[in-house]
Amino acid sequence: DGFGCANLHSASGAAGAILHYLIHQLRRPCEHLHTPRVRENADHVLIDAASQRNLDLVESRSGKQHTLLGVLDRTATPMGARLLRDWILHPLRDLSVLTNRQETIAAFLAEPFLLSKCRESLKGIRDIERTTSRLSQNSGNARDLQSLSISLSHIPSLKEDLSSLLTMERSDMEPQTDSSKTGSNHRSLIASLHDFTNLTTLLSSALADEPPANLRDGGIIRDGWSPELDELRNASRGGKDWIARLQEDERKRTGIDSLKIKFNNVFGYFIEITTSHLAKVPDDYTRKQTMSNAERYITPALKEMENKVLGAEERSKQLEAELFAQLRSQVITHLPRLQQSAAAVAEIDVLCALAEVAQFHRHCRPVLNHENGFFVTNGRHPVLEQTLTDTKFVPNDTELDPESARLQILTGPNMAGKSTYIRQIALIAVMAQIGAYVPAESATLGLVDRIFCRVGASDDLSRGQSTFMVEMSETALILNHATDRSLVILDEIGRGTATFDGLSIAWAVAEHLHDTIGCRTLFATHYHELTDLANTKQAVANYNVAVREWNEEIIFLHKILPGAADKSYGIQVARLAGLPKAVVERAKSILSHLELHSVKPEQKKQGPKAKNTVQDEFPKPATPQMDLFADF
């Protein structure tokens, strides 16, 4: 009950199973784990997996740089990068939290020098979360301790810069501004950046400058930290010096210049003499091993010193392991404060990154509210505008007015920019609801609870689903789960089946979204008949993508204008794509014939129920086409 998941039986069982596996199967300590926390749907914007893919939020076939994450990720720490990814996949619905994030970004933009200083401090901070996790599971090494020490040493400067930012923000406030509501996010972040001076002093004093990754290699603890360890090391070093002097003395005594004292794990220390000098071997040498080109010997004095050297080395390694364990235990006692500071560093990192993106790409601060409108002036696609190299991105306005244009029917030719425009709106919504600035001149956005994006065409062979079945499944998900607070993006619904079947489905879907659900919708289509909905539905508006004809060519202007498109320009686009001239000319001829015998204007007004007389011009198939919605 204390964790707030008493009635979440499946979730509680899954969490318990994971914990049991960690403790009893992997036998790992779990002190670093937080208590269970319920992520309520009411707190976040829900984006299903298909919509995440269609919007290229964090993954794309073209690579990370062509995703929203790739554009926004200017984080300096691994923790910040992970947090930004989580924010993008789980945007917020809490207006107060979003406003606090916007305030922090605004403060950074107002003080670019402090933004730069914070970024420099962040660059020195490594992955505190993963490091403390390894140390708490007894799998961390000395380099993890050193990495933690370096990271913690940068926190004081980061905290100082944030404090300066808060001070400057207060000084710039209007006299009537309520200071208790301003900078609350700053104060919370500053309070979470704890003081680890004693811990960093301990680690930097105890650890060698370049400790090895393997504890058995020794050399982890700095000379002068432990008197006992220093004594053992001196004994080991002294013994090795004695052995080096013994080698020189034995060369002089025997007259064998090639005599060498060596060591291996089987025999320890031994004297090696080549076969050409065996006649000079003294009587006090004891043969230990015969080789093809040399003999190996030992002496009582050499074995006595070997015991001292190896004993000192072994004891020093044992003592180093004990001292390392003590240091690790000291770190674990600070675990809760370390985790709090790591979370604060991650959030500061993300906000700094978002501020830098807003500064560099001329983003604006959106006005967020709980209304159902969605108004953007000169909005841009945040990803595409960064990948265009030879052309300038064309901005567009968006007015999803709940009273007059809640559902927009967008028509226009292929390649004109319909898909880019409708995805742009969804990405702007995602950015706004992670607290980021958005690529526009201005924006006033009503918060959304869910974002659905049904675009593209693909099958799912592993599940035996055709392209049309995948399309219908994703559309069904939208119709069954969208609310009046949702944002729905639909591109070419119904194109995967016969024309009239597809048109009928698209028409019915649009009606349901408008009449029953009442959500904000952008509906891109080549079914021009759908534009008739604007004549009968109050909140349906028609828009088209402007093109210009010139010398039988079309020029895409990529500008969204009110009204319906009068042509699809499919044949012109096919020519641009490189279809053979003969095929294009034949297509023109067929199009002229179809237009001549197609639906009459008075029939078109009747919508999808109109009868198409073009069927009379061609013989009917022996077996009628099976309709998806036919009665069996």
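The values are calculated or read from the model by the stated rules, or taken from the named source; none is laboratory data. As the structure is a prediction and not an experimental result, all values here were calculated from the model. So basically every Cβ, Gly included, is an ideal-geometry build from the backbone, and we count neighbours across all protein chains shown.
Considering only the range 254-275, state which residues are over 30 Å from Arg328 (Cβ atoms) and in a loop (DSSP other than H, G, I, E, B).
The answer is Gly255, Ile256, Asp257, Ser258, Leu259, Val266, Phe267.
Restricting Asp161, Asp178 to those that are at negative phi and at pLDDT below 85 reduces the list to Asp178.
Tell me, which residue of the range 270-285 that is surrounded by 14 or more Cβ atoms within 10 Å (Cβ to Cβ) and among the hydroxyl-bearing types (Ser, Thr, Tyr) is nearest to Ile256 (Cα to Cα)? It comes out as Thr274.
Could you grab me the full set of residues in the range 222-253 that are assigned to a helix (DSSP H, G or I), under 17 Å from Ala208 (Cβ atoms) and of a type outside the set (Lys, Arg)?
Pro227, Glu228, Leu229, Asp230, Leu232, Asn234, Ser236 - these are the residues of the range 222-253 that are assigned to a helix (DSSP H, G or I), under 17 Å from Ala208 (Cβ atoms) and of a type outside the set (Lys, Arg).
Out of curiosity, is Ile125 among the β-branched types (Val, Ile, Thr) and in a loop (DSSP other than H, G, I, E, B)? Yes.
Just one of (1) at pLDDT below 95; (2) assigned to a helix (DSSP H, G or I); (3) under 30 Å from Thr333 (Cβ atoms) fails for Ala11. It is (3). Does Leu335 meet the test of being surrounded by 15 or more Cβ atoms within 10 Å (Cβ to Cβ), touching a His at 6+ places or on another chain (Cβ under 7 Å) and farther than 30 Å from Glu231 by Cβ? Criteria met by Leu335. If you go through the range 362-405 and keep only what is in contact with a helix residue (DSSP H, G or I) (Cβ under 9 Å, 6 or more places away or on another chain), in a loop (DSSP other than H, G, I, E, B) and farther than 16 Å from Ile422 by Cα, you end up with His363, Arg365, Pro366, His370, Lys392.
Filter the range 291-301 for residues that are under 17 Å from Ser258 (Cα atoms) and surrounded by 10 or more Cβ atoms within 10 Å (Cβ to Cβ) and give the result. I'd like the intermediate steps shown before the answer.
Initially, the range 291-301 is screened for residues under 17 Å from Ser258 (Cα atoms), giving 291-298.
Of everything in the range 291-301, those that are under 17 Å from Ser258 (Cα atoms) and surrounded by 10 or more Cβ atoms within 10 Å (Cβ to Cβ) turn out to be Met291, Ala294, Glu295, Arg296, Tyr297, Ile298.
Evaluation of Leu203 against the conditions (1) surrounded by 15 or more Cβ atoms within 10 Å (Cβ to Cβ); (2) out of contact with any helix residue (DSSP H, G or I) (no Cβ under 7 Å at 6 or more places or on another chain); (3) not in a strand (DSSP E or B) shows that the sole unmet condition is (2). Could you say whether any residue in the range 526-541 is under 20 Å from Ser419 (Cβ atoms), out of contact with any helix residue (DSSP H, G or I) (no Cβ under 6 Å at 6 or more places or on another chain), touching a residue at least 40 places away in the same chain (Cβ under 8 Å) and part of a loop (DSSP other than H, G, I, E, B)? So far as the range 526-541 goes, yes, one or more of its residues are under 20 Å from Ser419 (Cβ atoms), out of contact with any helix residue (DSSP H, G or I) (no Cβ under 6 Å at 6 or more places or on another chain), touching a residue at least 40 places away in the same chain (Cβ under 8 Å) and part of a loop (DSSP other than H, G, I, E, B). Candidates Gly70, Gly63, Gly80: the one that is at pLDDT below 95 and within 14 Å of the chain's Cα centre (by Cα) is Gly63. Can you tell me which residues in the range 189-239 are closer than 26 Å to Val345 by Cα, of a type in the set (S, T, N, Q) and touching a residue at least 60 places away in the same chain (Cβ under 8 Å)? Correct list: Ser192 only.
Pairing residues of the range 382-406 that are farther than 25 Å from Val58 by Cα with residues that are hydroxyl-bearing (Ser, Thr, Tyr) and at pLDDT 90 or above, at Cβ distances under 8 Å and at least 6 apart in sequence or on separate chains, gives Asp397/Thr377; Arg406/Thr521. Residue check: Phe556 meets all listed conditions (1) in contact (Cβ under 8 Å) with a residue 24 or more places away in the chain; (2) closer than 18 Å to Ile409 by Cβ but one, namely (2). For the range 43-80, residues that are surrounded by fewer than 20 Cβ atoms within 10 Å (Cβ to Cβ), free of Cβ contacts under 8 Å to residues at least 60 places away in the same chain and part of a helix (DSSP H, G or I) total 6.
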